[in-house]
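Here the structure comes first, spelled out in C-alpha coordinates, and everything after it is commentary.
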Amino acid sequence: MLDQGTAPPATEPTVPKSSVLSALTRRKPVEQLVAEGGQGEGGSLRRTLSMWQLTMISIGATLGTGIFVVLGEAVPLAGPAVTVAFVFAGLTALFSALSYAELAGTIPVAGSSYSYAYATMGEVVAWICGWCLLLEYGVSVAAVAVGWGDYLNELLDGTIGVTLPTVLTAPPGDGGIFNLPALIVVMLAMVFLLGGAKESARANTIMVFVKIASLALFCAVGFLGFKSGNYADFMPLGVSSIGAAGAILFFSYIGFDAASTAGEEAKNPKRDLPRAIMLSLVVVTALYVLVAAVAVGAWDWKKFAGTDATLAAIMNDVTGQSFWGTLLAAGAVISIASVVLTVLYGQTRILFAMSRDRLVPKVFGKVSPKTGTPRVNTVIVSLFCGILAAAVPLGELVNATSIGTLFAFALVNIAVVVLRYRRPDMDRSFKVPFGPLFPVLGFVFCGYSMYSLDLITWAYFGAWMAVGLVFYFLYGMRRSRLASAEK
(Lines give C-alpha, C1' and ligand atoms only; values in the text may rest on other atoms or scores of the structure.)
Protein backbone atom coordinates (compact mmCIF):
# COMPACT_ATOMS: atom_id res chain seq x y z
CA MET A 1 0.00 0.00 0.00
CA LEU A 2 1.27 3.45 -0.92
CA ASP A 3 1.69 6.23 1.62
CA GLN A 4 -0.38 9.36 1.04
CA GLY A 5 2.57 11.32 -0.18
CA THR A 6 3.98 8.60 -2.43
CA ALA A 7 3.55 8.99 -6.17
CA PRO A 8 1.95 6.09 -8.03
CA PRO A 9 4.17 3.81 -10.10
CA ALA A 10 4.97 5.02 -13.60
CA THR A 11 3.27 1.97 -15.07
CA GLU A 12 -0.09 2.68 -13.40
CA PRO A 13 -2.57 4.05 -15.96
CA THR A 14 -4.02 7.46 -15.22
CA VAL A 15 -7.16 9.07 -16.55
CA PRO A 16 -6.58 12.59 -17.88
CA LYS A 17 -8.77 15.30 -16.45
CA SER A 18 -10.15 16.15 -19.86
CA SER A 19 -10.90 12.56 -20.94
CA VAL A 20 -13.83 11.88 -23.22
CA LEU A 21 -15.85 10.39 -20.36
CA SER A 22 -15.33 13.38 -18.09
CA ALA A 23 -16.13 15.71 -20.99
CA LEU A 24 -19.43 13.98 -21.67
CA THR A 25 -20.50 14.03 -18.02
CA ARG A 26 -19.19 17.41 -16.85
CA ARG A 27 -21.95 19.49 -15.32
CA LYS A 28 -22.40 23.21 -15.00
CA PRO A 29 -23.23 24.24 -11.41
CA VAL A 30 -26.61 25.89 -10.92
CA GLU A 31 -24.96 28.85 -9.22
CA GLN A 32 -22.73 29.40 -12.25
CA LEU A 33 -25.70 29.19 -14.63
CA VAL A 34 -27.63 31.79 -12.65
CA ALA A 35 -24.59 34.05 -12.19
CA GLU A 36 -24.01 34.12 -15.95
CA GLY A 37 -27.65 35.02 -16.60
CA GLY A 38 -28.10 37.70 -19.22
CA GLN A 39 -24.44 37.80 -20.18
CA GLY A 40 -23.34 36.89 -23.69
CA GLU A 41 -20.09 37.14 -25.63
CA GLY A 42 -21.06 40.56 -26.89
CA GLY A 43 -23.38 42.13 -24.33
CA SER A 44 -26.25 41.60 -21.90
CA LEU A 45 -29.94 40.88 -22.24
CA ARG A 46 -32.29 43.27 -20.43
CA ARG A 47 -34.79 42.37 -17.68
CA THR A 48 -37.96 44.03 -18.96
CA LEU A 49 -40.69 41.34 -18.95
CA SER A 50 -43.47 41.13 -16.35
CA MET A 51 -45.43 38.01 -15.34
CA TRP A 52 -48.29 39.13 -17.58
CA GLN A 53 -45.98 39.45 -20.59
CA LEU A 54 -44.36 36.08 -19.85
CA THR A 55 -47.80 34.45 -19.77
CA MET A 56 -48.69 36.09 -23.07
CA ILE A 57 -45.44 34.80 -24.57
CA SER A 58 -46.34 31.22 -23.63
CA ILE A 59 -49.95 31.58 -24.79
CA GLY A 60 -48.78 33.30 -27.96
CA ALA A 61 -46.34 30.49 -28.69
CA THR A 62 -48.92 27.78 -28.04
CA LEU A 63 -52.48 28.85 -28.77
CA GLY A 64 -53.50 28.58 -32.38
CA THR A 65 -50.96 26.12 -33.72
CA GLY A 66 -53.03 22.98 -33.24
CA ILE A 67 -56.47 24.52 -33.65
CA PHE A 68 -55.79 26.57 -36.76
CA VAL A 69 -53.31 24.21 -38.46
CA VAL A 70 -53.24 20.62 -37.15
CA LEU A 71 -56.90 20.00 -36.23
CA GLY A 72 -57.68 19.02 -39.81
CA GLU A 73 -55.01 16.30 -39.67
CA ALA A 74 -55.97 14.94 -36.24
CA VAL A 75 -59.75 14.54 -36.68
CA PRO A 76 -59.43 11.94 -39.50
CA LEU A 77 -57.22 9.88 -37.17
CA ALA A 78 -59.51 9.86 -34.11
CA GLY A 79 -62.95 11.01 -35.27
CA PRO A 80 -65.07 12.78 -32.63
CA ALA A 81 -62.71 11.36 -29.99
CA VAL A 82 -60.27 14.08 -31.04
CA THR A 83 -61.50 15.97 -27.97
CA VAL A 84 -60.15 13.15 -25.79
CA ALA A 85 -56.93 13.22 -27.82
CA PHE A 86 -56.57 16.91 -26.96
CA VAL A 87 -57.03 16.10 -23.28
CA PHE A 88 -54.49 13.28 -23.56
CA ALA A 89 -51.97 15.58 -25.21
CA GLY A 90 -52.71 18.25 -22.61
CA LEU A 91 -52.15 15.76 -19.79
CA THR A 92 -48.81 14.82 -21.32
CA ALA A 93 -47.93 18.50 -21.45
CA LEU A 94 -49.22 19.10 -17.89
CA PHE A 95 -46.79 16.77 -16.16
CA SER A 96 -43.91 18.21 -18.14
CA ALA A 97 -45.19 21.75 -17.49
CA LEU A 98 -45.00 21.09 -13.74
CA SER A 99 -41.38 20.03 -14.16
CA TYR A 100 -40.64 23.08 -16.30
CA ALA A 101 -42.25 25.31 -13.66
CA GLU A 102 -40.03 23.91 -10.90
CA LEU A 103 -36.83 24.17 -12.90
CA ALA A 104 -37.66 27.59 -14.37
CA GLY A 105 -38.10 28.96 -10.86
CA THR A 106 -34.90 27.27 -9.65
CA ILE A 107 -32.66 27.93 -12.67
CA PRO A 108 -34.09 31.11 -14.29
CA VAL A 109 -31.87 31.30 -17.38
CA ALA A 110 -32.38 31.61 -21.13
CA GLY A 111 -31.47 28.06 -22.08
CA SER A 112 -34.69 26.40 -20.90
CA SER A 113 -34.38 22.59 -20.75
CA TYR A 114 -30.90 22.74 -22.29
CA SER A 115 -29.61 24.57 -19.23
CA TYR A 116 -31.55 22.32 -16.85
CA ALA A 117 -29.93 19.25 -18.39
CA TYR A 118 -26.47 20.89 -18.21
CA ALA A 119 -26.88 21.36 -14.46
CA THR A 120 -28.13 17.84 -13.79
CA MET A 121 -27.08 15.27 -16.38
CA GLY A 122 -23.94 16.58 -18.01
CA GLU A 123 -22.76 18.26 -21.16
CA VAL A 124 -23.55 15.63 -23.78
CA VAL A 125 -27.13 15.21 -22.50
CA ALA A 126 -27.46 19.00 -22.45
CA TRP A 127 -26.25 19.13 -26.03
CA ILE A 128 -28.75 16.46 -27.08
CA CYS A 129 -31.51 18.40 -25.33
CA GLY A 130 -30.42 21.65 -26.97
CA TRP A 131 -30.27 19.94 -30.34
CA CYS A 132 -33.84 18.69 -29.78
CA LEU A 133 -34.89 22.23 -28.91
CA LEU A 134 -33.45 23.46 -32.20
CA LEU A 135 -35.73 20.92 -33.85
CA GLU A 136 -38.69 21.90 -31.64
CA TYR A 137 -38.47 25.66 -32.00
CA GLY A 138 -36.82 26.08 -35.37
CA VAL A 139 -38.89 23.55 -37.26
CA SER A 140 -42.16 24.45 -35.55
CA VAL A 141 -41.68 28.05 -36.67
CA ALA A 142 -41.50 26.76 -40.22
CA ALA A 143 -44.48 24.43 -39.78
CA VAL A 144 -46.69 27.15 -38.34
CA ALA A 145 -45.61 29.60 -41.04
CA VAL A 146 -46.83 27.12 -43.67
CA GLY A 147 -50.27 27.04 -42.03
CA TRP A 148 -50.33 30.84 -41.99
CA GLY A 149 -50.34 30.85 -45.77
CA ASP A 150 -53.55 28.78 -45.92
CA TYR A 151 -55.46 31.33 -43.87
CA LEU A 152 -53.92 34.24 -45.78
CA ASN A 153 -55.35 32.75 -48.98
CA GLU A 154 -58.74 32.38 -47.30
CA LEU A 155 -58.59 36.03 -46.23
CA LEU A 156 -57.55 37.32 -49.65
CA ASP A 157 -60.23 35.25 -51.39
CA GLY A 158 -62.95 36.50 -49.05
CA THR A 159 -61.99 40.17 -49.19
CA ILE A 160 -60.70 40.94 -52.67
CA GLY A 161 -61.46 37.70 -54.53
CA VAL A 162 -57.81 36.86 -55.14
CA THR A 163 -56.14 33.55 -54.41
CA LEU A 164 -52.39 33.17 -54.54
CA PRO A 165 -51.27 30.51 -57.05
CA THR A 166 -50.24 27.12 -55.70
CA VAL A 167 -46.75 27.48 -57.13
CA LEU A 168 -46.18 30.35 -54.66
CA THR A 169 -48.03 28.89 -51.64
CA ALA A 170 -46.81 25.31 -51.51
CA PRO A 171 -43.36 23.72 -51.26
CA PRO A 172 -41.88 21.25 -53.74
CA GLY A 173 -43.66 17.92 -53.42
CA ASP A 174 -46.99 19.58 -52.59
CA GLY A 175 -47.56 20.98 -56.06
CA GLY A 176 -45.66 24.22 -55.64
CA ILE A 177 -42.23 25.72 -56.09
CA PHE A 178 -41.82 28.07 -53.15
CA ASN A 179 -44.12 28.98 -50.21
CA LEU A 180 -43.78 32.74 -50.32
CA PRO A 181 -46.34 33.60 -47.56
CA ALA A 182 -44.50 31.34 -45.11
CA LEU A 183 -41.25 33.16 -45.77
CA ILE A 184 -42.96 36.55 -45.44
CA VAL A 185 -44.45 35.88 -41.98
CA VAL A 186 -41.10 34.69 -40.62
CA MET A 187 -39.42 37.83 -41.93
CA LEU A 188 -42.11 40.01 -40.32
CA ALA A 189 -41.54 38.26 -36.99
CA MET A 190 -37.82 38.88 -37.38
CA VAL A 191 -38.42 42.62 -37.76
CA PHE A 192 -40.42 42.71 -34.51
CA LEU A 193 -37.77 40.73 -32.62
CA LEU A 194 -34.98 43.01 -33.77
CA GLY A 195 -36.81 45.90 -32.11
CA GLY A 196 -36.33 44.45 -28.61
CA ALA A 197 -37.92 41.94 -26.21
CA LYS A 198 -40.26 44.45 -24.56
CA GLU A 199 -41.52 45.79 -27.86
CA SER A 200 -42.04 42.25 -29.20
CA ALA A 201 -43.93 41.30 -26.03
CA ARG A 202 -46.31 44.23 -26.46
CA ALA A 203 -47.07 43.30 -30.05
CA ASN A 204 -47.57 39.68 -29.03
CA THR A 205 -50.04 40.63 -26.26
CA ILE A 206 -52.24 42.41 -28.80
CA MET A 207 -52.12 39.41 -31.14
CA VAL A 208 -53.00 37.01 -28.29
CA PHE A 209 -56.18 38.98 -27.54
CA VAL A 210 -57.07 38.84 -31.23
CA LYS A 211 -56.66 35.07 -31.37
CA ILE A 212 -58.74 34.47 -28.23
CA ALA A 213 -61.48 36.69 -29.66
CA SER A 214 -61.30 34.77 -32.96
CA LEU A 215 -61.72 31.40 -31.26
CA ALA A 216 -64.57 32.72 -29.12
CA LEU A 217 -66.28 33.90 -32.32
CA PHE A 218 -65.83 30.48 -33.89
CA CYS A 219 -67.40 28.77 -30.87
CA ALA A 220 -70.39 31.13 -30.93
CA VAL A 221 -71.05 30.68 -34.67
CA GLY A 222 -70.06 27.00 -34.84
CA PHE A 223 -72.44 26.11 -32.02
CA LEU A 224 -75.35 27.26 -34.21
CA GLY A 225 -74.60 24.34 -36.51
CA PHE A 226 -74.02 21.80 -33.73
CA LYS A 227 -75.49 18.33 -34.50
CA SER A 228 -75.46 15.78 -31.71
CA GLY A 229 -75.54 13.02 -34.34
CA ASN A 230 -71.93 13.84 -35.21
CA TYR A 231 -71.01 12.30 -31.85
CA ALA A 232 -73.11 9.14 -32.29
CA ASP A 233 -70.09 7.02 -33.19
CA PHE A 234 -67.65 8.65 -30.77
CA MET A 235 -64.66 6.38 -31.35
CA PRO A 236 -65.02 4.99 -34.90
CA LEU A 237 -61.33 4.12 -35.29
CA GLY A 238 -60.74 2.47 -31.92
CA VAL A 239 -58.97 3.40 -28.71
CA SER A 240 -55.52 3.31 -30.30
CA SER A 241 -56.55 6.17 -32.58
CA ILE A 242 -56.61 8.51 -29.58
CA GLY A 243 -52.94 7.87 -28.90
CA ALA A 244 -52.03 8.38 -32.56
CA ALA A 245 -54.00 11.64 -32.77
CA GLY A 246 -52.71 12.75 -29.36
CA ALA A 247 -49.11 12.34 -30.49
CA ILE A 248 -49.77 14.66 -33.43
CA LEU A 249 -51.81 17.07 -31.33
CA PHE A 250 -48.98 17.35 -28.87
CA PHE A 251 -47.61 19.72 -31.50
CA SER A 252 -50.46 22.00 -30.38
CA TYR A 253 -48.90 22.36 -26.93
CA ILE A 254 -45.42 23.17 -28.13
CA GLY A 255 -44.70 26.64 -26.83
CA PHE A 256 -45.98 26.56 -23.25
CA ASP A 257 -42.32 26.35 -22.25
CA ALA A 258 -41.52 29.52 -24.22
CA ALA A 259 -41.62 31.59 -21.04
CA SER A 260 -38.72 29.52 -19.67
CA THR A 261 -36.53 30.79 -22.51
CA ALA A 262 -37.12 34.32 -21.22
CA GLY A 263 -35.56 33.60 -17.83
CA GLU A 264 -32.87 36.23 -18.32
CA GLU A 265 -35.28 38.93 -19.49
CA ALA A 266 -37.91 38.50 -16.76
CA LYS A 267 -38.10 41.10 -14.01
CA ASN A 268 -38.80 38.52 -11.27
CA PRO A 269 -38.07 35.13 -12.85
CA LYS A 270 -38.20 32.95 -9.73
CA ARG A 271 -41.74 34.06 -8.95
CA ASP A 272 -43.15 34.79 -12.41
CA LEU A 273 -41.85 31.98 -14.62
CA PRO A 274 -43.66 29.09 -12.85
CA ARG A 275 -46.89 31.09 -12.74
CA ALA A 276 -46.69 32.02 -16.41
CA ILE A 277 -46.04 28.44 -17.52
CA MET A 278 -48.93 26.91 -15.56
CA LEU A 279 -51.44 29.68 -16.30
CA SER A 280 -50.75 29.54 -20.03
CA LEU A 281 -51.23 25.76 -20.16
CA VAL A 282 -54.59 25.94 -18.35
CA VAL A 283 -55.91 28.65 -20.68
CA VAL A 284 -54.71 26.89 -23.82
CA THR A 285 -56.04 23.44 -22.90
CA ALA A 286 -59.50 24.79 -22.05
CA LEU A 287 -59.74 26.65 -25.37
CA TYR A 288 -58.45 23.71 -27.41
CA VAL A 289 -60.99 21.24 -26.01
CA LEU A 290 -63.86 23.71 -26.40
CA VAL A 291 -63.03 24.60 -30.01
CA ALA A 292 -62.44 20.95 -31.00
CA ALA A 293 -65.78 19.93 -29.44
CA VAL A 294 -67.66 22.64 -31.35
CA ALA A 295 -65.83 21.88 -34.61
CA VAL A 296 -66.70 18.16 -34.56
CA GLY A 297 -70.25 18.94 -33.48
CA ALA A 298 -70.70 21.28 -36.43
CA TRP A 299 -69.09 19.04 -39.07
CA ASP A 300 -69.06 15.31 -39.74
CA TRP A 301 -65.57 14.11 -38.87
CA LYS A 302 -65.06 12.54 -42.30
CA LYS A 303 -65.18 15.98 -43.94
CA PHE A 304 -62.02 17.19 -42.19
CA ALA A 305 -59.57 15.20 -44.31
CA GLY A 306 -57.75 17.35 -46.86
CA THR A 307 -59.45 20.59 -45.79
CA ASP A 308 -57.30 23.69 -45.53
CA ALA A 309 -58.19 26.53 -43.14
CA THR A 310 -60.57 24.13 -41.39
CA LEU A 311 -62.23 26.49 -38.92
CA ALA A 312 -62.98 29.09 -41.57
CA ALA A 313 -64.48 26.39 -43.80
CA ILE A 314 -66.73 25.22 -40.94
CA MET A 315 -68.00 28.76 -40.32
CA ASN A 316 -68.75 29.26 -44.00
CA ASP A 317 -70.65 25.97 -44.10
CA VAL A 318 -72.66 26.65 -40.94
CA THR A 319 -73.71 30.19 -41.91
CA GLY A 320 -73.89 29.78 -45.67
CA GLN A 321 -71.96 33.03 -45.95
CA SER A 322 -68.29 33.67 -46.62
CA PHE A 323 -68.16 36.74 -44.36
CA TRP A 324 -67.71 34.81 -41.09
CA GLY A 325 -65.03 32.54 -42.49
CA THR A 326 -63.22 35.57 -43.85
CA LEU A 327 -63.41 37.29 -40.47
CA LEU A 328 -62.02 34.20 -38.76
CA ALA A 329 -59.28 33.94 -41.38
CA ALA A 330 -58.26 37.52 -40.56
CA GLY A 331 -58.00 36.57 -36.89
CA ALA A 332 -56.07 33.42 -37.76
CA VAL A 333 -53.57 35.37 -39.86
CA ILE A 334 -52.79 37.54 -36.84
CA SER A 335 -52.97 34.63 -34.39
CA ILE A 336 -50.59 32.36 -36.21
CA ALA A 337 -48.19 35.25 -36.75
CA SER A 338 -47.92 35.56 -32.95
CA VAL A 339 -46.94 31.88 -32.73
CA VAL A 340 -44.19 32.47 -35.26
CA LEU A 341 -43.03 35.54 -33.33
CA THR A 342 -42.84 33.92 -29.89
CA VAL A 343 -41.43 30.56 -30.95
CA LEU A 344 -38.78 32.31 -33.02
CA TYR A 345 -37.97 34.34 -29.90
CA GLY A 346 -37.47 31.13 -27.90
CA GLN A 347 -35.20 29.65 -30.54
CA THR A 348 -32.88 32.64 -30.52
CA ARG A 349 -32.60 32.62 -26.71
CA ILE A 350 -31.71 28.94 -26.59
CA LEU A 351 -28.96 29.47 -29.15
CA PHE A 352 -27.84 32.46 -27.08
CA ALA A 353 -27.36 30.20 -24.04
CA MET A 354 -25.58 27.50 -26.06
CA SER A 355 -23.29 30.11 -27.56
CA ARG A 356 -22.39 31.42 -24.11
CA ASP A 357 -21.27 27.88 -23.27
CA ARG A 358 -19.36 27.89 -26.60
CA LEU A 359 -21.10 24.76 -27.86
CA VAL A 360 -22.18 26.72 -30.94
CA PRO A 361 -20.35 29.64 -32.60
CA LYS A 362 -20.11 32.79 -30.51
CA VAL A 363 -21.89 34.87 -33.16
CA PHE A 364 -25.16 33.59 -31.68
CA GLY A 365 -24.29 35.21 -28.34
CA LYS A 366 -23.59 38.75 -29.55
CA VAL A 367 -26.09 41.27 -28.15
CA SER A 368 -26.90 44.65 -29.65
CA PRO A 369 -26.12 47.41 -27.12
CA LYS A 370 -28.95 49.48 -28.62
CA THR A 371 -31.84 47.00 -28.42
CA GLY A 372 -30.52 44.41 -25.97
CA THR A 373 -31.28 41.59 -28.42
CA PRO A 374 -29.04 39.01 -30.12
CA ARG A 375 -29.45 40.61 -33.55
CA VAL A 376 -27.17 38.46 -35.73
CA ASN A 377 -28.59 35.37 -34.05
CA THR A 378 -32.13 36.53 -34.87
CA VAL A 379 -31.32 37.19 -38.53
CA ILE A 380 -29.59 33.82 -39.04
CA VAL A 381 -32.35 31.83 -37.34
CA SER A 382 -35.09 33.72 -39.18
CA LEU A 383 -33.52 33.14 -42.59
CA PHE A 384 -33.06 29.44 -41.84
CA CYS A 385 -36.63 28.97 -40.61
CA GLY A 386 -38.07 31.04 -43.44
CA ILE A 387 -36.34 29.00 -46.13
CA LEU A 388 -37.29 25.76 -44.37
CA ALA A 389 -40.94 26.87 -44.26
CA ALA A 390 -40.89 27.68 -47.94
CA ALA A 391 -39.33 24.41 -49.06
CA VAL A 392 -40.54 21.50 -46.84
CA PRO A 393 -44.06 19.93 -46.68
CA LEU A 394 -46.01 20.64 -43.45
CA GLY A 395 -46.77 17.04 -42.46
CA GLU A 396 -43.14 16.04 -42.14
CA LEU A 397 -42.39 19.20 -40.17
CA VAL A 398 -45.14 18.59 -37.61
CA ASN A 399 -44.11 15.03 -36.85
CA ALA A 400 -40.40 15.83 -36.65
CA THR A 401 -41.15 18.70 -34.28
CA SER A 402 -43.31 16.55 -32.02
CA ILE A 403 -40.69 13.87 -31.46
CA GLY A 404 -37.94 16.40 -30.76
CA THR A 405 -40.15 18.19 -28.27
CA LEU A 406 -41.24 15.00 -26.52
CA PHE A 407 -37.62 13.93 -26.13
CA ALA A 408 -36.64 17.28 -24.62
CA PHE A 409 -39.63 17.20 -22.27
CA ALA A 410 -38.73 13.69 -21.15
CA LEU A 411 -35.26 14.93 -20.21
CA VAL A 412 -36.76 17.83 -18.21
CA ASN A 413 -38.78 15.37 -16.14
CA ILE A 414 -35.62 13.41 -15.41
CA ALA A 415 -33.77 16.61 -14.55
CA VAL A 416 -36.29 17.44 -11.80
CA VAL A 417 -35.71 14.10 -10.11
CA VAL A 418 -31.92 14.32 -10.46
CA LEU A 419 -31.76 17.86 -9.07
CA ARG A 420 -34.01 16.90 -6.15
CA TYR A 421 -31.59 14.07 -5.37
CA ARG A 422 -28.35 16.02 -5.86
CA ARG A 423 -29.45 19.38 -4.41
CA PRO A 424 -32.38 18.77 -2.04
CA ASP A 425 -31.71 21.96 -0.07
CA MET A 426 -31.89 24.36 -3.00
CA ASP A 427 -34.36 27.23 -2.83
CA ARG A 428 -37.30 26.35 -5.09
CA SER A 429 -40.02 28.92 -5.69
CA PHE A 430 -42.26 26.12 -7.01
CA LYS A 431 -42.15 22.37 -6.41
CA VAL A 432 -43.86 19.62 -8.39
CA PRO A 433 -46.36 17.99 -5.99
CA PHE A 434 -46.20 14.33 -4.90
CA GLY A 435 -42.42 14.06 -5.04
CA PRO A 436 -41.05 12.19 -8.05
CA LEU A 437 -44.43 10.73 -9.07
CA PHE A 438 -45.51 13.46 -11.48
CA PRO A 439 -42.10 13.82 -13.19
CA VAL A 440 -42.05 10.03 -13.66
CA LEU A 441 -45.56 10.14 -15.13
CA GLY A 442 -44.46 12.99 -17.39
CA PHE A 443 -41.57 10.86 -18.62
CA VAL A 444 -43.89 7.88 -19.24
CA PHE A 445 -46.46 9.98 -21.13
CA CYS A 446 -43.73 11.46 -23.32
CA GLY A 447 -42.32 8.01 -24.00
CA TYR A 448 -45.74 6.64 -24.96
CA SER A 449 -46.43 9.55 -27.29
CA MET A 450 -43.05 9.06 -28.97
CA TYR A 451 -43.82 5.36 -29.37
CA SER A 452 -47.08 6.26 -31.15
CA LEU A 453 -45.28 8.15 -33.92
CA ASP A 454 -44.49 6.54 -37.29
CA LEU A 455 -41.20 4.80 -38.05
CA ILE A 456 -40.39 7.39 -40.70
CA THR A 457 -40.58 10.09 -38.02
CA TRP A 458 -38.15 8.09 -35.89
CA ALA A 459 -35.87 7.78 -38.90
CA TYR A 460 -35.83 11.57 -39.37
CA PHE A 461 -35.22 12.02 -35.65
CA GLY A 462 -32.36 9.51 -35.68
CA ALA A 463 -30.74 11.28 -38.60
CA TRP A 464 -31.10 14.64 -36.84
CA MET A 465 -29.54 13.24 -33.65
CA ALA A 466 -26.67 11.72 -35.61
CA VAL A 467 -25.87 15.05 -37.25
CA GLY A 468 -26.03 16.77 -33.86
CA LEU A 469 -23.67 14.33 -32.17
CA VAL A 470 -21.17 14.60 -35.02
CA PHE A 471 -21.22 18.39 -34.62
CA TYR A 472 -20.76 18.11 -30.86
CA PHE A 473 -17.79 15.75 -31.04
CA LEU A 474 -16.09 17.69 -33.82
CA TYR A 475 -16.84 21.20 -32.52
CA GLY A 476 -18.53 21.64 -29.16
CA MET A 477 -16.80 19.12 -26.91
CA ARG A 478 -13.35 20.71 -27.16
CA ARG A 479 -14.48 24.32 -27.47
CA SER A 480 -16.97 24.35 -24.60
CA ARG A 481 -16.47 26.78 -21.78
CA LEU A 482 -16.13 24.00 -19.24
CA ALA A 483 -13.44 22.35 -21.38
CA SER A 484 -11.45 25.58 -21.33
CA ALA A 485 -11.78 25.74 -17.54
CA GLU A 486 -10.31 22.24 -17.21
CA LYS A 487 -7.12 23.09 -19.10
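Values as computed for the structure displayed
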{"quantity": "Checklist (1) modelled with pLDDT of 90 or more; (2) farther than 30 Å from Leu180 by Cα applied to Gly435, failing item", "calculated": "(1)"}
{"quantity": "Answer residue from segment 106-155, given it is modelled with pLDDT under 85 and assigned to a loop (DSSP other than H, G, I, E, B) and is surrounded by the fewest Cβ atoms within 10 Å (Cβ to Cβ) among those", "calculated": "Pro108"}
{"quantity": "Within segment 421-432, tally of residues that are surrounded by 19 or more Cβ atoms within 10 Å (Cβ to Cβ) and not in a loop (DSSP other than H, G, I, E, B)", "calculated": "0"}
{"quantity": "Any hit, segment 324-337, residues being modelled with pLDDT of 80 or more, within 20 Å of Tyr137 (Cβ to Cβ) and not polar (S, T, N, Q)", "calculated": "yes"}
{"quantity": "Yes/no for Ala203 being aliphatic (A, V, I, L, M) and buried (at least 24 other Cβ atoms within 10 Å of the Cβ)", "calculated": "no"}
{"quantity": "Close pairs from segment 150-169: first acidic (Asp, Glu), partner surrounded by 14 or more Cβ atoms within 10 Å (Cβ to Cβ) and not in a helix (DSSP H, G or I), Cβ under 9 Å, at least 6 apart", "calculated": "Asp150/Thr169; Asp150/Asp308; Asp150/Ala309; Glu154/Asp308; Glu154/Ala309"}
{"quantity": "Flag for Val210 being in contact with a Leu (Cβ under 8 Å, 6 or more places away or on another chain) and within 21 Å of Ile314 (Cβ to Cβ)", "calculated": "no"}
{"quantity": "Residue selected from segment 209-236 under the condition over 19 Å from Trp299 (Cβ atoms), in contact (Cβ under 8 Å) with a residue 60 or more places away in the chain and of a type outside the set (D, E, K, R), by the criterion surrounded by the fewest Cβ atoms within 10 Å (Cβ to Cβ)", "calculated": "Ala213"}
{"quantity": "Positions within segment 156-167 being in contact with a helix residue (DSSP H, G or I) (Cβ under 9 Å, 6 or more places away or on another chain) and exposed (fewer than 15 other Cβ atoms within 10 Å of the Cβ), in sequence order", "calculated": "Thr159, Val162, Thr163"}
{"quantity": "Where Met190 falls short, out of the listed (1) in contact with a Ser or Thr (Cβ under 8 Å, 6 or more places away or on another chain); (2) more than 30 Å from Thr371 (Cα to Cα)", "calculated": "(2)"}
{"quantity": "Some residue of segment 92-105 being over 14 Å from the mean Cα position of the chain (by Cα), surrounded by fewer than 24 Cβ atoms within 10 Å (Cβ to Cβ) and farther than 19 Å from Val444 by Cα", "calculated": "yes"}
{"quantity": "Scope segment 55-68; condition over 15 Å from the mean Cα position of the chain (by Cα) and either more than 14 Å from Val283 (Cα to Cα) or at pLDDT 85 or above (or both); matching residues", "calculated": "Phe68"}
{"quantity": "Residue tally, condition buried (at least 22 other Cβ atoms within 10 Å of the Cβ), over 18 Å from Thr342 (Cα atoms) and of a type in the set (A, V, I, L, M, F, W, C), over segment 277-293", "calculated": "2"}
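Conditions tested, residue by residue: (1) more than 20 Å from Leu91 (Cβ to Cβ); (2) modelled with pLDDT under 85; (3) surrounded by 24 or more Cβ atoms within 10 Å (Cβ to Cβ); (4) of a type outside the set (Phe, Trp, Tyr).
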site: Gly238; (1), (2), (3), (4): no, yes, no, yes
site: Ala244; (1), (2), (3), (4): no, yes, no, yes
site: Phe250; (1), (2), (3), (4): no, yes, yes, no
site: Phe256; (1), (2), (3), (4): no, yes, yes, no
site: Glu265; (1), (2), (3), (4): yes, yes, yes, yes
site: Asn268; (1), (2), (3), (4): yes, no, no, yes
site: Asp272; (1), (2), (3), (4): yes, no, yes, yes
site: Arg275; (1), (2), (3), (4): yes, no, no, yes
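The values are calculated or read from the model by the stated rules, or taken from the named source; none is laboratory data. Owing to the predicted nature of the structure, the values given are computational and were not obtained by experimental measurement. Cβ sites come from the backbone with ideal geometry, for glycine too, and all protein chains shown count toward neighbours.
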